[in-house]
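Encoded as structure tokens, here's the structure I'll be asking about.
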């Protein structure tokens, strides 16, 4: 897959059977709501607790594992989420490759951590005015970008 296949991601979104339809509740979604949304669409969604006590969802799509963290939370409902994943490349995915990725891809961002390993992230606003159809579309973009990023790390 080449860089920037947003049109392909949009096509994936149209083909993906929506687990839910309609607007996202005004207060946002809980971690359990997001896990249920993924599971209804046929994806693994395991809620895990990190060593710092923060919970996130561990999932995967198209052979690539990833996590989902929740943000902007009030009373267990969250206004945004973040798809994210880090890769152990032993420093082979250089800053130049990350810069090239960021320059050519609009929807996700990458960076190199202190161990010289790459990370990929995508933020999604759920409120105000979010819908499950938009969440499906954002997930399709994430899947396409994650696959392209993985391919670029392992040409």
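Name all residues of the stretch 87-130 having a backbone nitrogen under 16 Å from the label point set 7 Å from the Cα of residue 73 along its Cα→Cβ direction, giving them as ranges.
Label zone hits: 124, 126-127.
Give the angle, between 0 and 90 degrees and rounded to the nearest 10, that separates the Cα long axis of helix 132-153 from the longest principal axis of the Cα atoms of the chain.
On a 0 to 90 degree scale, this one is about 20.
Continuing with the same structure: Taking N as the number of residues in the stretch 9-155, what is its alpha-carbon radius of gyration divided by 2.2 N^0.38 Å?
Computed over Cα atoms of the stretch 9-155, the ratio equals 1.05.
Rounded to the nearest 10 degrees, what's the angle between the helix 95-104 long axis and the longest principal axis of the chain, both from Cα atoms, 0 to 90?
50
What percent does the relative contact order of the chain come to when contacts are Cα pairs within less than 8 Å and at least six residues apart?
The value is 30 percent.
How far, in degrees from 0 to 90, does helix 31-40 lean away from the longest principal axis of the Cα atoms of the chain, to the nearest 10?
Helix 31-40 and the main axis of the chain meet at about 80 degrees.
Quick one, what does Rg over Rh come out to for the stretch 112-155 if you take C-alpha atoms and the Kirkwood Rh?
Result for the stretch 112-155 is an Rg/Rh of 1.12.
Kindly provide the helix-only [θ] at 222 nm of the chain, computed as the sum of -39,500 (n - 2.57) over DSSP H runs of four or more divided by all residues, to the nearest 500 deg cm²/dmol?
It comes out at -10500 deg cm²/dmol, rounded to the nearest 500.
Listed highest first by mean packing, meaning other Cβ atoms within 10 Å per residue, what order do 41-52, 140-151 come in?
Answer by packing, highest mean first, reads 140-151, 41-52.
Let me ask something else. Roughly speaking, what is the stretch gain from residue 54 to residue 40, that is 0.36 nm per residue apart minus the C-alpha to C-alpha distance, in nm to one decimal?
Using 0.36 nm per residue and subtracting the Cα-Cα distance, I get 2.6 nm.
Return the distance in nm (one decimal) between the two label points of a simple spin-label model at residue 117 and residue 65, each offset 7 Å from Cα along Cα→Cβ.
Distance between the two pseudo-spin positions: 1.0 nm.
Along each principal axis of its Cα atoms, how long is the stretch 70-155 end to end? Whole angstroms, biggest number first, please.
41, 24, 18
Got a sec? How would 73, 78 order by Cβ neighbour count within 10 Å, fewest to most?
Least crowded to most crowded, the residues run 73, 78.
At what distance in nm do the modelled label points of residue 82 and residue 96 sit from each other, each positioned 7 Å from its Cα along Cα→Cβ?
2.9
How much length would be gained if the chain were fully extended between residue 131 and residue 104, taking 0.36 nm per residue of separation minus their Cα-Cα distance, in nm to one decimal?
Between residue 131 and residue 104, full extension yields 7.0 nm more.
Since every read-out is calculated from the coordinates, none of them should be taken as a lab result. Because the structure is a prediction, the values reported are computed rather than measured. Positions of Cβ are backbone-derived with ideal geometry, glycine not excepted, and every protein chain shown enters the neighbour counts.
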